[in-house]
Amino acid sequence: MQRVRYYEYGGPEVLTVEDADPPAPQAGQVLLRAEAIGVNFVDTKFRRGSDSGSIFQRPLPGRPTGDVVGTVTQVGPDVDRRLVGRRVAALAEDAYADYVVAEASWLATVPDHLDSGDASMLAMSAPVALRILRAARLNPGDTVLIHAAAGGIGHLAVQLAKVLGAGTVIGTARSSRKLDFVRNVGADVAIDYALPDWPDQVRAAAPGGVDVVLDAVGGSVLQSSLDLLAPFGRTVVYGAATGELERVPVVKLFALRSVTGFNLTAWRHANPDQARQEMGELADLFAAGQLRTTVHASLPLTEAATAHELIEARSHTGRILLIPTTPPAA
């Protein structure tokens, strides 16, 4: 089979396509024959090593993670053999490969006829989008500000905010094309957060302040967002694309504001039953057409470097997929 790893930190060019034997599933694991792999922004940060900041440190060799859609071909000891032949989605390490090992306990069953783009969201992106809204205690009619709303998680969060009853949804992005995309997926207002007056534009759209902020950008964007919260407003921080982990000034919280952090792994450990229930809930929303994924590009697995270039150029909207091209083993 083919797989992609990196043996030094650096730009997309360090991603190396190599031949390898398929991995063997261990206890609690399954082996997937991949049909598509969703590429995530965070792996471009891990690939660059220390240049990305202290929170993006991974040892070498680098094994990119990804949202794998595929068919179970083999199960490890103590795993239900009835999973063999089932089409599933999973967040996995060493994911840029024809065959991928995944944890059996966190497989998302893919509804019939769901395409690879939608299916790739079931294991990680959609669960994060739903849970950050619920962590923010979204109420019907709330005004929601979603940063990076054109991204893989962001464009689902816009749609889910509407599904959950939000009033006004404000999405931020960069470039006019991305702003059009944000409006097309359901945002009432789209604002370019690269402009220095973006906070004033938010205030114009929400004179009383925003009730909920969803932020994975960090840095000055997070700092300005805290000032935009209405009394009892809630911010959920679930990433730091800038690599800047600012201290949250407590004085800003005295105005009846709150900040919560979110991490999918921590959520799964804290409440695994509800986490699994929400994966099923999201699968139903996709199957019913209430959620949809935009696939910006589907590239051969061997063009993983191109996928990372697109992500780092911030030129994509929605999802980028890698497609394995090696024929299945006989």
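The values are calculated or read from the model by the stated rules, or taken from the named source; none is laboratory data. Bear in mind that the values here come from a model prediction, so they are computed numbers and not experimental data. Neighbour counts run over all protein chains shown; Cβ positions are idealised from the backbone, glycine included.
Numbers for the structure displayed
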{"read-out": "Every residue from the range 138-165 that is under 19 Å from residue 276 (Cα atoms) and in contact (Cβ under 8 Å) with a residue 60 or more places away in the chain", "value": "153, 156, 160"}
{"read-out": "Residues (within 17 Å of residue 285 (Cβ to Cβ) and among the polar types (S, T, N, Q)) located in the range 146-195", "value": "159"}
{"read-out": "Where residue 260 falls short, out of the listed (1) assigned by TED's automatic domain parsing to the domain that holds residue 164; (2) in contact (Cβ under 8 Å) with a residue 40 or more places away in the chain; (3) surrounded by 15 or more Cβ atoms within 10 Å (Cβ to Cβ)", "value": "(3)"}
{"read-out": "Test set (1) assigned by TED's automatic domain parsing to the domain that holds residue 33; (2) crowded, with 16+ Cβ neighbours inside 10 Å; (3) modelled with pLDDT of 90 or more; (4) among the small types (Gly, Ala, Ser) - residue 318 fails condition number", "value": "(3)"}
{"read-out": "Sole residue being free of Cβ contacts under 8 Å to residues at least 24 places away in the same chain and under 17 Å from the mean Cα position of the chain (by Cα), chosen from 266, 307", "value": "266"}
{"read-out": "Residue in the range 63-78 that is assigned by TED's automatic domain parsing to the domain that holds residue 20, out of contact with any strand residue (DSSP E or B) (no Cβ under 6 Å at 6 or more places or on another chain) and over 17 Å from residue 36 (Cα atoms) present", "value": "yes"}
{"read-out": "Every residue from the range 161-177 that is surrounded by fewer than 24 Cβ atoms within 10 Å (Cβ to Cβ), out of contact with any Asp or Glu (no Cβ under 7 Å at 6 or more places or on another chain) and either under 16 Å from residue 238 (Cβ atoms) or not polar (S, T, N, Q) (or both)", "value": "162, 163, 164, 165, 177"}
{"read-out": "Residue ID - surrounded by the fewest Cβ atoms within 10 Å (Cβ to Cβ), chosen from residues in the range 46-85 that are of a type in the set (A, V, I, L, M) and out of contact with any Asp or Glu (no Cβ under 6 Å at 6 or more places or on another chain)", "value": "60"}
{"read-out": "Flag if residue 38 is of a type outside the set (Phe, Trp, Tyr), free of Cβ contacts under 8 Å to residues at least 60 places away in the same chain and crowded, with 19+ Cβ neighbours inside 10 Å", "value": "no"}
{"read-out": "Yes/no for residue 118 being at pLDDT 95 or above, among the acidic types (Asp, Glu) and buried (at least 22 other Cβ atoms within 10 Å of the Cβ)", "value": "yes"}
{"read-out": "Single unsatisfied condition, residue 138 versus (1) in contact with a strand residue (DSSP E or B) (Cβ under 7 Å, 6 or more places away or on another chain); (2) buried (at least 24 other Cβ atoms within 10 Å of the Cβ)", "value": "(2)"}
{"read-out": "Answer from 236, 221, 250, 217 - the residue that is in contact (Cβ under 8 Å) with a residue 40 or more places away in the chain and more than 29 Å from residue 63 (Cα to Cα)", "value": "221"}
{"read-out": "All positions within the range 139-173 that are farther than 16 Å from residue 225 by Cβ and part of a loop (DSSP other than H, G, I, E, B)", "value": "139, 140, 141, 150, 151, 152, 153, 164, 165, 166, 167"}
{"read-out": "Residue that is nearest to residue 143 (Cα to Cα), among those in the range 174-194 that are part of a loop (DSSP other than H, G, I, E, B) and at pLDDT below 95", "value": "193"}
{"read-out": "Residues that are at pLDDT 95 or above and of a type in the set (Asp, Glu), drawn from the range 299-315", "value": "303, 309"}
{"read-out": "Filtered residues of the range 96-115 (kept if in contact with a helix residue (DSSP H, G or I) (Cβ under 9 Å, 6 or more places away or on another chain) and either in a loop (DSSP other than H, G, I, E, B) or among the basic types (Lys, Arg) (or both))", "value": "96, 98, 107, 110, 111, 112, 113, 114"}
{"read-out": "Index of the failed condition, residue 91 passing every other in (1) farther than 15 Å from residue 25 by Cβ; (2) part of a helix (DSSP H, G or I); (3) not acidic (Asp, Glu)", "value": "(2)"}
